[in-house]
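S.K.: Quick one: the structure is below, and I'll ask about it shortly.
Laboratory data are not the source of any read-out in this text; all were calculated from the coordinates shown. For clarity, every value in this text was computed on a predicted model and none was experimentally measured. Every residue, glycine among them, receives a Cβ derived from its backbone with ideal geometry; neighbour counts consider all protein chains shown.
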Amino acid sequence: MKLKRIAEALDCGLEGDGETEIRGVRGMEQAGPGELTFLANPKYAPKLKNTRASAVVASQAIPGLATLISRNPYHDFARALAMFYQAPRPAPGIHPLASIAASATIGEGASIGPFAAIGENVTIGRNAVVHPHVVIYEGAQIGDDFTAHSHAVVREFCQVGDRVILQNGVVIGGDGFGFAKREDGSHYKIAQSGVTVIEDDVEIQSLTSVDRATVGETRVKRGAKIDSLVQIGHACVVGEDNIICSQTGLAGSSILEKNVLLAGQVGVSGHLTIHEGAIVYAQSGIGGDVPAHTRVSGSPAFDASEWLRAITAFPRLPELLRTVRELKKRLQELTQTS
């Protein structure tokens, strides 16, 4: 594909030879002749001196290198990558080895792979891609342009919006973790009668579980992106455009407002609110509400700037403790002699 055609498709400016043939997209260190790379962070600009790429996406022209001039280089690089890579999909239509209930409704343009199982009274919109071994339970309602990879599961009566992507092994609407203790100390399972609702443009990565509510619903709102190995407990609300990174766990009834970012291995204790725009750094433990547009870190988590000062002091605590003990001893000696 000629560089000028890519520039037109991305609505980017072009500096350099638009007739350059581009056959792929790669990072600047791996790219070779005939490939497009990108520069999103100016601190990596020196690496372009050694790149073998034929062109770059950047915010301004790069001397000696054909440049697609972009207001958002990382976004346009991602768009260019999509022009060259198309993920495989099952053949159009329903594979003869798929199991589709007679009462299910499948929209036009679907690709349903072998050994997929779709239950009674399920509705799936147009252009669905359902890979082998996906299971959709009874009564699930799913919108248009749905993609589910192998071993993803949508449980009974759950609702999934348009353009939702479920990666391998995702479970939508598994039972919430709820038990009542009997008088003899044993545990009685509480029926998880609620549902899970996944709104439009959500992507959920491999082996993540979004539990159904005991009553009511668990909801993941529009545009949220959830990484692999994340646990969303029952009756949680994940807000619009949230980013939740791997190995994070939300206990039941946690509420995340818009544009919250949880880094890896964050633990949220439940029945609390992380307000709009908050950032929670990796391995933090959240035990109370987090105010809007704040950054917190640590376990228990507190203001990230204070945490950085505290963690800097932490290795010096033995030395500080010795100093305090010596000062205390000297003070006692002075008191005794006076």
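S.K.: Between segment 109-142 and segment 78-96, what's the alpha-carbon centroid distance in Å?
M.R.: Cα centres, segment 109-142 to segment 78-96: 17 Å.
S.K.: Which percentage, to the nearest 5, of the DSSP beta bridges contained in segment 154-213 is antiparallel?
M.R.: 30
S.K.: So, with +1 on the Cβ of K and R and -1 on the Cβ of D and E, and no other charges, what is the size of the charge dipole of the chain about its Cα centre, to the nearest 20 debye?
M.R.: Roughly 1300 debye for the chain.
S.K.: Follow-up question, since we're still on this one. Would you mind checking which residues have amide H under 5 Å from Gly178's amide H? H placed 1.01 Å from N; only 5 or more apart, or other chain.
M.R.: Ile190
S.K.: Sticking with this one: Mean residue ellipticity at 222 nm from the helices of the chain, using -39,500 (n - 2.57) per DSSP H segment of n ≥ 4 over the full residue count, to the nearest 500 deg cm²/dmol?
M.R.: -5000 deg cm²/dmol, from helical runs alone.
S.K.: Out of all DSSP beta bridges in the chain, what portion is antiparallel? Express it as a percent rounded to 5.
M.R.: Around 15 percent antiparallel, to the nearest 5.
S.K.: Setting aside same-chain residues fewer than 8 positions from Lys4, which aspartates and glutamates have a Cα under 15 Å from its Cα?
M.R.: Here the aspartates and glutamates satisfying the reach criterion relative to Lys4 are Glu15, Asp17, Glu19, Glu21, Glu35, Asp76.
S.K.: Which shape class, rounded, prolate or oblate, goes with segment 67-112 when its Cα gyration tensor gives a ≥ b ≥ c as root eigenvalues, a/c under 1.5 marks rounded, and past that a/b bigger than b/c marks prolate?
M.R.: Verdict is prolate for segment 67-112.
S.K.: Please build a GNM for the chain, connecting alpha carbons under 10 Å apart, and tell me which residue among Arg126, Arg155, Arg182 fluctuates the most.
M.R.: Between Arg126, Arg155, Arg182, it is Arg182 that shows the largest mean-square fluctuation.
S.K.: While we're here: With the cut-off at 30 Å, tell me which of the pairs Lys2/Lys221; Lys47/Lys258; Lys2/Lys47 have Cα atoms farther apart than that.
M.R.: Lys2/Lys221; Lys47/Lys258
S.K.: I want the antiparallel fraction of DSSP beta bridges within segment 69-130, as a percent rounded to 5.
M.R.: 0
S.K.: Right, next: Taking 7 Å along the Cα-to-C-beta vector as the label spot, tell me the Asn168-Thr312 distance in nanometres, rounded to one decimal.
M.R.: It is 4.4 nm.
S.K.: Distance between the C-alpha centers of segment 278-330 and segment 12-54? Whole Å please.
M.R.: Comparing the Cα centres of segment 278-330 and segment 12-54, I get a distance of 43 Å.
S.K.: Also, I was wondering about something else. Excluding residues fewer than 8 places away in the same chain, name every one of the aspartates and glutamates whose C-alpha is closer than 19 Å to that of Lys328.
M.R.: Glu319
S.K.: To continue, here is another question. Hey, with R₀ at 22 Å, roughly what FRET efficiency would Ser206 and Gln283 work out to, going by the Cβ-Cβ distance, to 0.05?
M.R.: 0.55
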